[in-house]
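Asks: The structure's right below; bear with me while I get my questions together.
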Amino acid sequence: MFLDELAVRSLINEGGLCWGGELRRDSLLLTLGNRLQPMAYRPPAVVDVTDQDQIDAMYGETMVGWHSFILRRGALALFHANHPVALPNGVGGLIGGLSHMARLGLTVHLDTSIVDAGFHGVLTIEMFNAGPSDVILRPGMPVAKVILYHVGGDASAGPYHHVFYGNEDHLGSKYAPEFFSAPVVEGQSD
């Protein structure tokens, strides 16, 4: 069940939900923070996702304290949200883009809209420009919202800890170290 505005405000007031940003009715309003990671100017043509060095080669230099950024047509960039969030156990979230941004051709969170119950940290916002024009983005701009919901059963049993999720030190994918102990080498079997 999705939480309405009254339930969200109650969670904040009671200290169950830590959120320093604005609410947009019943949702947490996500704005762009001061950390941005563009994709590399000349990324590799092919990347083996079992090799973290190859994944890292897809990214440009992380920008901290940026003032404006041009998201080019057909480009992807990663942004930290302006405010960290701490969800209580038993409450998860769904990230959705603002329709105003979608009508410009900007997508938010290509395929990772779920925020796990008990998440504590800074959300990374993936923005892709599918529109006909380059778009200038600035810190503090509202771009998405998080709708909260109750999680039932054993999913809400304990605290949520994950080495990569919500970490303020990186924005890019850490797929390889999470799922592979070493890069897969063709011709070798595990």
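The values are calculated or read from the model by the stated rules, or taken from the named source; none is laboratory data. Model, not experiment: these values are computed from the prediction. Glycine also receives a Cβ, built like all others from the backbone with ideal geometry; neighbour counts cover every protein chain displayed.
Asks: Cβ contacts < 8 Å: first residue surrounded by 15 or more Cβ atoms within 10 Å (Cβ to Cβ), restricted to the range 171-183; second residue among the acidic types (Asp, Glu) and not in a loop (DSSP other than H, G, I, E, B), any location; separation 6+ or different chain. Result?
Replies: Taking only residues 6 or more apart or on different chains, the pairs are Gly172/Asp56.
Asks: Next up: Would you check if Arg9 is part of a helix (DSSP H, G or I) and either surrounded by fewer than 15 Cβ atoms within 10 Å (Cβ to Cβ) or small (Gly, Ala, Ser) (or both)?
Replies: Details: part of a helix (DSSP H, G or I): yes; either surrounded by fewer than 15 Cβ atoms within 10 Å (Cβ to Cβ) or small (Gly, Ala, Ser) (or both): yes.
It is true that Arg9 is part of a helix (DSSP H, G or I) and either surrounded by fewer than 15 Cβ atoms within 10 Å (Cβ to Cβ) or small (Gly, Ala, Ser) (or both).
Asks: Now for a separate question. Name the pairs: first residue in the range 1-13 and touching a residue at least 12 places away in the same chain (Cβ under 8 Å), second residue of a type in the set (D, E, K, R) and part of a loop (DSSP other than H, G, I, E, B), Cβ to Cβ under 6 Å, at least 6 apart or on different chains?
Replies: Asp4/Asp26; Glu5/Arg25; Glu5/Asp26; Val8/Asp26
Asks: Within the range 68-107, can you find the residues that are under 14 Å from Pro142 (Cβ atoms) and touching a residue at least 40 places away in the same chain (Cβ under 8 Å)?
Replies: The answer is Phe79, Ala81, Asn82, His83, Ile95, Gly96, Gly97, Leu98, Met101.
Asks: Now for a different question. Could you tell me which of the residues Gly93, Gly140, Gly118 is of a type outside the set (A, V, I, L, M, F, W, C), outside any strand (DSSP E or B), modelled with pLDDT of 85 or more and surrounded by 13 or more Cβ atoms within 10 Å (Cβ to Cβ)?
Replies: Gly118
Asks: Sticking with this structure for a sec: Restricting attention to the range 22-45, report how many residues are assigned to a strand (DSSP E or B) and among the small types (Gly, Ala, Ser).
Replies: Final tally of qualifying residues: 2.
Asks: So in the range 46-90, with the set limited to residues that are among the charged types (D, E, K, R) and not in a loop (DSSP other than H, G, I, E, B), which one is nearest to Leu123 (Cα to Cα)?
Replies: Result: Asp56.
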